[in-house]
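Some notes on the structure that comes next.
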């Protein structure tokens with residue numbers, strides 16, 4: 001009996017190149033999150049409250065050009081940070097925890113996919129999802145303000161739009177690592193989502209308590225760090241009490257070690273060896 005009588009048909013498609021397999025993971029994450037009612041609901045609500053209202057307000061107000069301080073204040077607001085953290089919590093809740101719970105990560109890495117490629121795919125997918133809030137709407141707001149300006153210096157406005165692009169990408173890049181770390185240390189998506197949300201706000205509470213003794217402790221607050229880093233991106237001056245070296249050290253501590261911990265956790269699973 002041949003193969004055809006039992007209904008077997010050889011696969012004639014092309015395999016994804018090894019160097020691009022992380023894109024398959026990223027694409028899967030984005031598709032999954034765009035089908036999630038919870039994520040879409042918070043994305044739409046946050047877009048209306050954080051982005052649509054400023055778009056209407058700033059476009060109707062008389063202005064000669066798009067100002068850097070306007071975009072900094074808009075992106076550095078508390079509401080922007082709160083919705084960003086909520087979305088990161090939703091995206092990262094099952095980003096790694098589901099794979100660890102089901103041990104499907106062993107299957108991922110038993111293929112021709114290294115730990116680095118797996119993590120890159122997860123990171124890119126999370127960045128795209130968060131960028132739907134931190135990147136695309138701010139660019140639309142910047143373009144709308146530029147289109148309604150009364151002055152003729154469009155090059156200056158375009159420069160601010162370019163800085164807005166960098167600020168939007170950075171906002172996601174700053175928040176995602178901590179969410180990935182929390183997702184890698186628990187196999188329950190609920191714990192990962194709530195843990196991510198609480199991790200950011202616990203740092204804010206600790207910062208607020210100890211700031212009474214020294215202003216340096218204020219640098220532990222993620223929302224303040226995000227605002228100060230955006231201040232630098234938009235080419236504005238930091239407050240006199242803000243130590244750039246300390247700010248850089250804390251930002252490094254909140255972004256690089258979490259990713260290294262995730263990498264270590266995956267290697268300790270014995271996958272990919």
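The values are calculated or read from the model by the stated rules, or taken from the named source; none is laboratory data. In this text, all values refer to a predicted model and were calculated from it rather than measured experimentally. Here the Cβ is made from the backbone with ideal geometry for all residues, glycine too, and neighbour counts use every protein chain on show.
Can you give me the number of residues within the stretch 59-90 that are closer than 23 Å to residue 229 by Cα and in a helix (DSSP H, G or I)?
Selection size over the stretch 59-90: 20.
When residues of the stretch 222-235 are filtered for being more than 17 Å from the chain's Cα centre (by Cα) and either loosely packed, with under 15 Cβ neighbours inside 10 Å or more than 30 Å from residue 156 (Cβ to Cβ) (or both), how many remain?
Residues in the stretch 222-235 being more than 17 Å from the chain's Cα centre (by Cα) and either loosely packed, with under 15 Cβ neighbours inside 10 Å or more than 30 Å from residue 156 (Cβ to Cβ) (or both): 1 in total.
Among the residues of the stretch 91-103, what is the count of those that are out of contact with any helix residue (DSSP H, G or I) (no Cβ under 9 Å at 6 or more places or on another chain) and assigned to a helix (DSSP H, G or I)?
Residues in the stretch 91-103 being out of contact with any helix residue (DSSP H, G or I) (no Cβ under 9 Å at 6 or more places or on another chain) and assigned to a helix (DSSP H, G or I): 1 in total.
Which residues, counting only those in the stretch 110-152, are over 24 Å from residue 57 (Cα atoms) and outside any helix (DSSP H, G or I)?
Within the stretch 110-152, 111, 112, 113, 114 meet the criteria.
Please work out which one of (1) over 30 Å from residue 266 (Cβ atoms); (2) surrounded by fewer than 17 Cβ atoms within 10 Å (Cβ to Cβ) is the condition residue 188 fails and give its number.
Condition not satisfied by residue 188: (1).
Within the stretch 171-206, track down each residue that is part of a helix (DSSP H, G or I) and over 15 Å from residue 85 (Cβ atoms).
184, 189, 190, 191, 206
Looking at (1) more than 18 Å from residue 90 (Cβ to Cβ); (2) more than 19 Å from the chain's Cα centre (by Cα); (3) surrounded by 14 or more Cβ atoms within 10 Å (Cβ to Cβ), which is the only condition residue 168 fails?
In the conditions (1) more than 18 Å from residue 90 (Cβ to Cβ); (2) more than 19 Å from the chain's Cα centre (by Cα); (3) surrounded by 14 or more Cβ atoms within 10 Å (Cβ to Cβ), residue 168 misses (2) alone.
Which of the residues spanning the stretch 207-221 are under 23 Å from the mean Cα position of the chain (by Cα) and assigned to a helix (DSSP H, G or I)?
Across the stretch 207-221, the qualifying residues are 207, 218, 219, 220.
Consider residue 33 carefully, then state whether it is farther than 24 Å from residue 204 by Cα, at pLDDT below 95, under 21 Å from the mean Cα position of the chain (by Cα) and surrounded by 17 or more Cβ atoms within 10 Å (Cβ to Cβ).
yes
Name the one entry in 44, 106 that is assigned to a helix (DSSP H, G or I) and closer than 19 Å to residue 263 by Cβ.
Answer to the selection: 106.
If residue 155 passes every condition in (1) surrounded by fewer than 17 Cβ atoms within 10 Å (Cβ to Cβ); (2) in a loop (DSSP other than H, G, I, E, B) but one, which one does it miss?
(2)
On the basis of being modelled with pLDDT under 95 and farther than 19 Å from residue 180 by Cα, does residue 261 make the cut?
no
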